[in-house]
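Worksheet: one structure, shown below.
The values are calculated or read from the model by the stated rules, or taken from the named source; none is laboratory data. None of these values were measured; they are calculated from a predicted model. Heads up, the Cβs are rebuilt from the backbone with ideal geometry, glycines too, and the neighbour counts pull from every protein chain shown.
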Amino acid sequence: MSYYHIIVNQEAGNSKNKTKIQQIYNQLTSEKKNFKIYQTRYAGEEEQIAKHIVSIMAESDRILVIGGDGTLSNVLQGVGEVAVGYIATGTGNDFAKGVHLTLEPLAALKQFELSKGKKLNVISYKINNKAHLALNNVGVGLDAAVVAKTNQSKSKKILNRLHLGNLSYIVILFRLLFQQQPFPVEITTDDYFLRVDNAFLLTITNHPYFGGGIPLWPDADIYSNKIDIVLIKRYNIFKLLYLLILIVTRRQMNHSDIIHLKTDHLRIKILNPEYLQADGEDAPQKPYEIQFNTQEHNFWL
């Protein structure tokens, strides 16, 4: 008898998600499916839950994740090579946008049930020889500071309940446009070395989107084994606003003030203490040396 092992983060996204999750439960019950719910109690518990499921699941069982990109990313850290399905109920849902996964929960459930499996590339990175995975992107500088400050903000939960979760990102983004300081970074690939002393935003991305659907680099492709690096230097506020408008309107390609590299692996050194974010989960403010490449992972999508 096969089971769906369902990892749920009800705190992801906004208050509508409890209704969406209940719809999924009702549909599975009406289909007489065998399923077990694993409700997360605190941030980061998903990895331990995933490891437990993998240790007990039968070969015919499937894992389904219901939550935001951070929830799915944390699950990937714990499942090894085991495939996972996903129903996106987060605030930004960049991964769902990147793989063209429907945000309608019952349609996503049907897609999960009918899936024969799919391999996608995810970002693999190491910090101090500890391996991590990221679905969407890893960022240092402006976007990481926005994530860190938003996650620390008391207003985020209030805005989520009002279905205005993205507004908290926007408010903090505009504040940090003035406050974020430049930082030195070194980027090394097999055939390229770049040092920038006044970096402002540095993002290693796996598909076009970040920050809730902003097309950071429209040509980035999750089906490719290449990762895209986007770097913007610290300019005056008017030029930064202009570059952000170019990004939002998909007119950033080949612009001389936006540095873009594409490679299969690289190393970056952040020489000053900076925030780091991976899939919307923030890491402490400190210097970093990080190695990146991609690896395939199995999904029920």
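Below, the figures for the structure above:
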| item | result |
| --- | --- |
| Qualifying residue in segment 79-90 (condition: in a loop (DSSP other than H, G, I, E, B), more than 17 Å from the chain's Cα centre (by Cα) and without any contact (Cβ under 8 Å) to a residue 40 or more places away in the chain) | yes |
| Cβ-Cβ under 8 Å pairs, at least 6 apart or on other chains, segment 27-48 side at positive phi, far side surrounded by 11 or more Cβ atoms within 10 Å (Cβ to Cβ) and at pLDDT below 95 | Gly44/Asn74 |
| Neighbours by Cβ (under 7 Å, 6+ apart or cross-chain): first from segment 131-151, touching a residue at least 40 places away in the same chain (Cβ under 8 Å) and more than 17 Å from Gly68 (Cβ to Cβ); second among the aliphatic types (A, V, I, L, M) and part of a helix (DSSP H, G or I) | Leu142/Leu176; Ala145/Leu176 |
| Every residue from segment 184-194 that is aliphatic (A, V, I, L, M) and closer than 26 Å to Leu120 by Cα | Ile187 |
| Residue among Ser168, Ser155 that is hydroxyl-bearing (Ser, Thr, Tyr), farther than 30 Å from Asn225 by Cα, more than 20 Å from the chain's Cα centre (by Cα) and at pLDDT below 70 | Ser155 |
| The listed residue being crowded, with 20+ Cβ neighbours inside 10 Å, under 19 Å from the mean Cα position of the chain (by Cα) and among the polar types (S, T, N, Q), out of Gln277, Gln295 | Gln277 |
| Top-ranked residue in segment 195-246 [being basic (Lys, Arg) and assigned to a strand (DSSP E or B); ranked as nearest to Lys126 (Cα to Cα)] | Arg195 |
| So Tyr235, is it touching a helix residue (DSSP H, G or I) at 6+ places or on another chain (Cβ under 8 Å), surrounded by 15 or more Cβ atoms within 10 Å (Cβ to Cβ), without any contact (Cβ under 8 Å) to a residue 60 or more places away in the chain and farther than 22 Å from Thr189 by Cβ | yes |
| Residue list for segment 1-59, filter: small (Gly, Ala, Ser) and either assigned to a loop (DSSP other than H, G, I, E, B) or closer than 21 Å to Leu76 by Cα (or both) | Ser2, Ala12, Gly13, Ser15, Ala43, Gly44, Ala50, Ser55, Ala58 |
